[in-house]
Amino acid sequence: MTNDSKISALIQLLDDPDDFIFNEVKTQLLTYGDAVIPLLEDYWEQNPLEAEALSRIEDIIQEIQHGGVKSALKEWSSQIDPDLLEGVLLINQFQYPDLDVQIIKDKIEQIRRDVWIELHNGLTSFEKVNVINQVIFDIHGFGGNKQNYHSPTNSYLSDVIESKKGNPISLSVIYLLVAQDLGLPIYGVNLPSHFVLCFLDENNINPSVDENKQDEVLMYINPFSRGTIFNRKEIERFLNQLNIPIKEDYFVPCTNKDIIKRVINNLIYSFQKQGNTEKVDQLISLKEVLNS
């Protein structure tokens, strides 16, 4: 008997009312991984099923897809310098497993090309930031979603690309992907209760210094406020207002892994507010992969 035949035979048992049988069938189906999904979807479409059987099929598909994202995220996290876009797309596929990622890549490339056309060597660092701001926020129309700030859609890059509305970290990710692809020394800053960017002094970057790049930070950028430029003292005032102790980590570049953790934390909070405990549990398990 072929694998497809075995899987099909198991799928036909999904409407059995006995929970013990269902759990046994589910355990066996999960061992086949992604190969099960097309057969489950075909069975769903071709047969009149009771609500419980439909729910069981959906549950198995989601568990397989979640396992796939978790495995891929673990591999991504194990890399020395994991790619930011790849990490963001993995989180996106957690919600939209059938997403055409090329749509996102094409949009980022379009923005990058529009910025590149306006850049030249004679521009100062401040002028380069102004160019990026104009392209992202004026020409392409991206902005902060202040009316629905805690919506999960603000954290999924595909939704942000479509709506042009996002939260601080999703807008920062777009900004980072464009800037770093153009060779500009712009990095994420993991500020509490907000996420911003820093522009390192292109004439004062010491590649041997890994622990503290504060002396190299030329300015900070707030993509949620259309790329507003600010300085360290304004961060200090912000932290003091929130009664948060000042740490040097709040002023220097963070890693791509830190950014993905922040995206996951935002999603956990969003789904907690919605009361979606299933999504929260799945996201916590993804976060644990990054902490391992």
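Quick look at the numbers
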{"read-out": "In the stretch 84-116, the residues that are under 23 Å from ASP34 (Cα atoms), surrounded by 13 or more Cβ atoms within 10 Å (Cβ to Cβ) and without any contact (Cβ under 8 Å) to a residue 12 or more places away in the chain", "value": "GLU86"}
{"read-out": "In the stretch 266-284, the residues that are surrounded by 14 or more Cβ atoms within 10 Å (Cβ to Cβ) and in a helix (DSSP H, G or I)", "value": "ASN266, LEU267, ILE268, TYR269, SER270, PHE271, GLN272, LYS279, VAL280, GLN282, LEU283"}
{"read-out": "Filter result for the condition that a residue is in contact (Cβ under 8 Å) with a residue 12 or more places away in the chain and charged (D, E, K, R), over LYS257, LYS233, LYS247", "value": "LYS257"}
{"read-out": "Residue in the stretch 105-118 that is under 22 Å from GLN65 (Cβ atoms) and either among the hydroxyl-bearing types (Ser, Thr, Tyr) or assigned to a helix (DSSP H, G or I) (or both) present", "value": "yes"}
{"read-out": "Residues of the stretch 260-282 that turn out to be among the small types (Gly, Ala, Ser) and in contact (Cβ under 8 Å) with a residue 40 or more places away in the chain, as a count", "value": "1"}
{"read-out": "Residue match in the stretch 168-186 (condition: touching a His at 6+ places or on another chain (Cβ under 8 Å), assigned to a loop (DSSP other than H, G, I, E, B) and farther than 21 Å from GLU234 by Cα)", "value": "no"}
{"read-out": "Of the criteria (1) among the polar types (S, T, N, Q); (2) closer than 24 Å to ASP98 by Cα; (3) exposed (fewer than 11 other Cβ atoms within 10 Å of the Cβ), which one SER5 fails", "value": "(2)"}
{"read-out": "Condition met for ILE136 (in contact with a Phe, Trp or Tyr (Cβ under 6 Å, 6 or more places away or on another chain) and either aromatic (Phe, Trp, Tyr) or within 30 Å of GLU63 (Cβ to Cβ) (or both))", "value": "no"}
{"read-out": "Lone qualifier among SER172, SER225, SER155 - being surrounded by fewer than 21 Cβ atoms within 10 Å (Cβ to Cβ), at negative phi and at pLDDT 95 or above", "value": "SER225"}
{"read-out": "Boolean, ILE169 is among the hydrophobic types (A, V, I, L, M, F, W, C) and under 24 Å from LEU89 (Cβ atoms)", "value": "yes"}
{"read-out": "Pairs with Cβ under 6 Å, 6+ apart, first in the stretch 117-144 and in the same structural domain as TYR187 (by TED's automatic domain parsing) and touching a residue at least 40 places away in the same chain (Cβ under 8 Å), second part of a loop (DSSP other than H, G, I, E, B) and aromatic (Phe, Trp, Tyr)", "value": "ILE136/PHE142"}
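The values are calculated or read from the model by the stated rules, or taken from the named source; none is laboratory data. This structure is a prediction, so every number in the text was calculated from the model and none was measured. Glycine gets a Cβ as well: all are built from the backbone with ideal geometry, and neighbour counts include every protein chain shown.
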